[in-house]
Each structure stands twice: as C-alpha cells, then as structure tokens.
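Below: one structure, written as structure tokens.
The values are calculated or read from the model by the stated rules, or taken from the named source; none is laboratory data. Since we're looking at a predicted model, the values are computed, not measured. When we count neighbours, we look across all protein chains shown, and the Cβ atoms used for this are built from the backbone with ideal geometry, even at glycine. Quick note on the areas: whole protein, heavy atoms, side chains included, nothing else; ligands and nucleic acids left out. Shrake-Rupley method; radii C 1.70, N 1.55, O 1.52, S 1.80 Å.
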Amino acid sequence: MMTNKELIEKIQKLKKEKNAVILVHNYITSDIYEIADYIGDSLDLSRKSAATDADIIVFCGVDFMAECAKILSPDRTVLHPKRESSCPMAAMVKADDLREKKRQHPNAKVVCYVNTTASVKAESDICCTSANAIEVVNSVKEKEILFVPDRNLCAYAQSKTDKKLIPWNGYCYVHDVITVKDIKKSKESHPGAHVMVHPECRPDVIAMADAVCSTGQMIDYAKTSNVSEFIVATEEGMCARLKREFPDKNFHAIGSICNQMKEISMYDVYMALKMNQFEIKLDEEIRKSAKKALDRMLELR
Ligand code: 13P
Ligand code: SF4
C-alpha cells in the first residue's frame, strides 16, 4: 500500500510524462487539491477544459463535468478516475422526457443547467452554471424558457428576470435539505458572520443570504468582503477550499456531504494516469449538438 506522499510523487511524474492536466472541482476531498493544476467551479473548469493544450485531462469531479471537458476538447483524452461518481440531479432529466416537454411548449427555448448529461445538453439551446444562470436566461431573446433540471436554481433565476421560466422538478439532495432553521441556528452562534448561499438551495434559504454564489464566487466574496467570518450554505467540502485560500478567516459549514464528489481518491487519480482510465467517449452527433449549447454560454463573457 503506497502512502499519499508516494502516490503524489508518482502522479506528478506521470503527469509530466503524459502531458496531462488535473482539473479538480471545489467539492473534491481536499487532499486531491495538492495535485491539482486548477481547482474551481463548473464554469471555471469548463473554460480551462476548452483552453488547455495538454494531451490528457484528468477530471476530478462528477461525470457531467468530465463530459463537458470532452464536449469542449474532443481531441484530448479525458479521464474520469471513478466511473460511479455521478451527479444524481443530472439523472433527473432524460433527453426523451425533455423532447416531450419541448413538444408541449413549442415556443420555448431550453436553458439547461450544466448538471446534465451530454444528451440533454444536445437538446438544449444554451447551457448555464450556477455562476451565470441569470445572465444566460436574460440573453435568450424569446420570452418563454424551459429550465432544466434544478427547480431551485430556476426559482432563483425567475426572481431576477422578466422571462417566463418553466421549471423541471429536479433538485440537488445536498442543497435541498438545508433549511432556514439551519441558517438561523448558525447565525445565533456566529452573529457577525455573512451568509453565503449556493443557488441550488431552496428559495426561503436563498432569501436569508448576504450573497448568492456559485462555489467559485464564494472565493471572490470571501476575498472582497469586509468581514472575516462566513456561514457557508453548500456542500461541506467548500469550507476546506475557502480555508486553504484564506487561513486567517473563519468558515462555518451548513451543508451536507455530496457522496458522489467524495468517491475519487488519490489512488484513483494515480490509476487513471497509469492505466489511461476511464476514458470519456461520446457519440459525435450528440457531442457536436451539446457543444453548441456550451459554446453559446462561454461566448457570453
Ligand atoms: P458550482 O458550479 O457552483 O461549483 O456547482 C456545481 C455543483 O454541482 C453544485 O452542487
Ligand atoms: Fe450533484 Fe448536488 Fe453533488 Fe453538485 S452537490 S454534484 S448538484 S448531487
């Protein structure tokens, strides 16, 4: 059994030999941060995937994130170290069901959250992430928009736009369980703290936020805010990321744990690089259509 230190050395060596880049989502266990070339939110990581000149992208995140990298960089080998690491919310909308909904709303455009499969993106007009949902929705010329799959992100975007959003009944099991009571309790213990809330939370929880942020935007908010204590309503791992960036500030987690994000271990990353596993493969027609939805989003800014 190799120690973490030995694994890290082997990973660094393989990374160089194979001209690989390791992209890591903020929620991944914090030991993996040590071997990351870049740590970020879904939007940051999509941009990095599109711009890299590495031959191999090792994507430490859930499967839709690795798929995005392949959609945007088809000539690169994209490796997802753990096949089972899959976002349950992304499974809540299927391409067939979306096609049926589109037939019911022929005048609506489709905005899909990035937490979707490539097949669902291929059925969509434009993609969005938690960092740009409002901007994306407002960029659509048409009045009526089918918004899939997160009902909470949809409600949040609806509160900030004149468009008519038609929600889907998807949700994130990690964010949807956070309650107003949880926030109130934490505020009692930390009265001076600012509350950062991820937009996958319920509307009543979002209403208590000082800042509604994607995970990447939480880093910016903690950096620029004039307070040094924060209540963080999202997946618990985000606090490790924030603490790493700002060791002198205090972060109090509210959220629960995303089991799927915690499945990738250092050993899995080593095996991914050593064995070239598990390679993301997509149907080319689906990939091309899905890319249009992602490109439209990335062209916005
Ligand atoms: P971010 O893009 O804000 O990192 O969110 C991704 C995600 O899956 C949140 O649950
Ligand atoms: Fe999916 Fe929620 Fe986990 Fe994000 S936190 S990957 S939305 S289950």
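Some points to look at:
- Backbone amide hydrogens, once placed in the peptide plane, bring Cys213 within less than 5 Å of Val197, His198, excluding anything fewer than 5 places away on its chain.
- Convex hull projection area averaged over all views, region 64-124, Cα basis, nm²: 4.6
- Over region 61-124, relative contact order from alpha-carbon pairs under 8 Å, at least 6 apart, %: 40
- Candidates Met266, Met92, Met275: whichever shows maximal mean-square fluctuation once the chain is modelled as a Gaussian network with Cα springs under 10 Å: Met275
- Accessible heavy-atom area order of Arg287, Arg244, highest first, probe of 1.4 Å: Arg244, Arg287
- Each Lys or Arg adds one and each Asp or Glu takes one away; over the other residues whose Cβ falls under 15 Å from the Cβ of Ala211, this sums to -1.
- Classified by the C-alpha gyration tensor, region 29-178 has a prolate form. Its axis ratio a/c, with a ≥ b ≥ c, is 1.5 or above, and a/b is larger than b/c.
- Length-normalised contact order of the chain in % [C-alpha pairs under 8 Å, at least 6 apart]: 23
- Taking all protein chains into account, the per residue accessible area for the chain stands at 45 Å² (1.4 Å probe).
- Cβ-based net charge around Thr224, under 13 Å, with every Lys or Arg adding one and every Asp or Glu removing one: -1
- Within the shell defined by Cβ-Cβ distances under 11 Å, the residues around Ser130 carry a net charge of -3, with Lys and Arg each +1 and Asp and Glu each -1.
- Beta bridges by DSSP in the chain, antiparallel share as percent, to the nearest 5: 5
- Amide H to amide H distances under 5 Å link Glu229 with His194, Asn250, where only residues 5 or more positions off or on other chains count and H is placed in the peptide plane.
- Size of charge dipole - the chain - debye, nearest 20, with Cβ of Lys, Arg +1 and Asp, Glu -1, no other charges: 360
- As a length-normalised measure over Cα pairs under 8 Å and 6 or more apart, the relative contact order of region 58-170 settles at 22 percent.
- Cα gyration tensor shape of region 1-68, rounded if a/c is under 1.5, else prolate or oblate by comparing a/b with b/c: oblate
- The alpha carbons of the chain occupy a box of 53, 53, 30 Å along the principal axes, longest dimension given first.
- Euclidean distance of C-alpha centroids, region 139-198 and region 218-292, integer Å: 19
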